[in-house]
1. Which length gain, in nm to one decimal place, applies between residue 359 and residue 77 when the Cα-Cα distance is subtracted from 0.36 nm times their residue separation?
2. Give the calculated FRET efficiency between residue 253 and residue 8 to the nearest 0.05, with a Förster radius of 22 Å applied to their Cβ-Cβ distance.
3. First measure r as the distance between the Cβ atoms of residue 296 and residue 367, then evaluate 1/(1 + (r/R0)^6) with R0 = 22 Å and state the FRET efficiency to the nearest 0.05.
4. What is the calculated FRET efficiency for residue 351 to residue 135, with r their C-beta to C-beta distance and R₀ = 41 Å, to the nearest 0.05?
5. Which residue, 40, 273, 255, has the most motion in a Gaussian network model of the chain that connects Cα atoms within less than 10 Å?
6. Provide, for q = 0.09, 0.13 Å⁻¹, the log10 of I(q)/I(0) from a solvent-free Debye sum over equal Cα point scatterers in region 1-146.
7. When a/c reaches 1.5 or more, the comparison of a/b and b/c decides; with that in mind, is region 219-261 rounded, prolate or oblate per its Cα gyration tensor?
8. Roughly what would the spin-label model give for residue 199 and residue 112, points 7 Å off Cα along C-beta, in nm?
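What follows is calculated from the coordinates using simple rules that are stated; it is not laboratory data. Note that this is a predicted model, so its numbers are computed, not measured. Note that we place each Cβ from the backbone using ideal geometry, even for glycine, and neighbour counts take in every protein chain shown.
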């Protein structure tokens, strides 16, 4: 069955957690070598591989005497550890891939890089060119410069965004556990591994628990969020134990291991997925009842006459939340006008825009093509 589910897969994003390739002493070079051997064999089978690898902070923390879980460490210390460890991480991959005649390329990103459409497309073009030339791209968050406002949150989230970025058909998350269990296997010896998930329901999400690991920032919660984002794009997602040698190959051989999340039957278009999950909203538009019905029930674009008020400061091209008169969010979209411009044309007819502003970007404040329905909670916005 697993072989059938993976039969259409050509391009794969593989997320490698800190707990898979490091321990308290730093990087586990033997495990990195084994993973790179598997990558080589998968490429020989015709797969295109993109790696999203954690491990920079884990590789550099010992030099600074850092102990404790990542969430207890200050951001400056993490950034310093990442500055030390990122070059070591890439050197480890370079040396391991070189043994199989492969070359590695480093891609460091912040959320801002993907939230800006032009930079998003530039990153995509770079990755596609690397794949065309047979290079193995290795993506990581640019921890040395990132601040909370532009963080991905964790590399599980980044791997889901990368899956959309390169239009991969499969996301594989290598973890230090075997997959998703119906309860915490560390506390319940009778916990059962869930082999396949057709749809991520609240009941499934509740099974994830809350705990992270000593070496990584994410637990099963972040992995389920990543799976949700990837599957809504139309990519299957597998969570498997990356500490078991050659599990990656066993997955593609069709073995029933880990947890596999089926892609959505009605996936989102790439651009709408980008709006929903990659662009962080900068403000809020409160719509009157007529505009709410036009957008929700009739699938119309948002015009200035239907906006009751706005909250926040934003620029043209930023994402904003759309809310009803009670403040309930129901959609998210990319605005054609700045908050300063909108304050002058709220409630006005489209024919009045140019006479008020002296110019006009279009009748629509948010075009239907640049809008996604759903709440911030649904899209896991932070």
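1. Working: separation 282, 0.36 × 282 = 101.52 nm, distance 4.82 nm.
My answer for the length gained is 96.7 nm.
2. Values: r = 16 Å, r/R0 = 0.75.
With a Förster radius of 22 Å, E is 0.85.
3. On the way: r = 16 Å, r/R0 = 0.71.
About 0.90, to the nearest 0.05.
4. Numbers: r = 53 Å, r/R0 = 1.29.
The pair residue 351/residue 135 has a calculated efficiency of 0.20.
5. Ranking 40, 273, 255 by mean-square fluctuation puts 255 first.
6. -0.31, -0.63
7. Working: a/c = 2.97, a/b = 1.55, b/c = 1.92.
Because a/c hits 1.5 or more and a/b fails to exceed b/c, region 219-261 counts as oblate.
8. According to this spin-label approximation, the distance is 4.0 nm.
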